1. Scaled to the compact-protein estimate 2.2 N^0.38 Å, what is the alpha-carbon radius of gyration of region 11-86, rounded to two decimal places?
2. How much length is gained if the chain between residue 60 and residue 91 is pulled fully straight, taking 0.36 nm per residue apart and subtracting their Cα-Cα distance, in nm to one decimal?
3. Can you sort 22, 78 from fewest to most other Cβ atoms within 10 Å of each residue's own Cβ?
4. Test of understanding: ordering 24, 72 by Cβ neighbours within 10 Å, fewest first, what list do you get?
């Protein structure tokens, strides 16, 4: 999408961002969200957003810039931008979600191993 030559007012920008945020918040199913994002965003937009989330997760786990750069093929400036996340309250919620997801995955794996599910 090319950048519009006509700028939006701050009010209109907030309004359309709220519409997007509301839509995303209403999509609860991860598969449905995946399909939406894959259909809605260009491949490079989707990958860029995904990498930003992955960088946050790697940083939360204490990985070095070198490891993040190697695994995700991102520049140090991109990693640095994510270390300067603007909203600490939201960042803590994201990091909490990572912890819950990691814990859930470990428990699920243990259950599958105990009952030998395939």
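FYI, it's all coordinate maths here, none of it is from the lab. Everything numeric in this text was worked out from a predicted model, so none of it was measured. In this analysis, Cβ positions are derived from the backbone assuming ideal geometry, glycine residues included, and neighbour counts consider all displayed protein chains.
1. 1.29
2. 10.1 nm
3. Neighbour counts put them in this order, fewest first: 22, 78.
4. By the 10 Å Cβ count, ascending: 24, 72.
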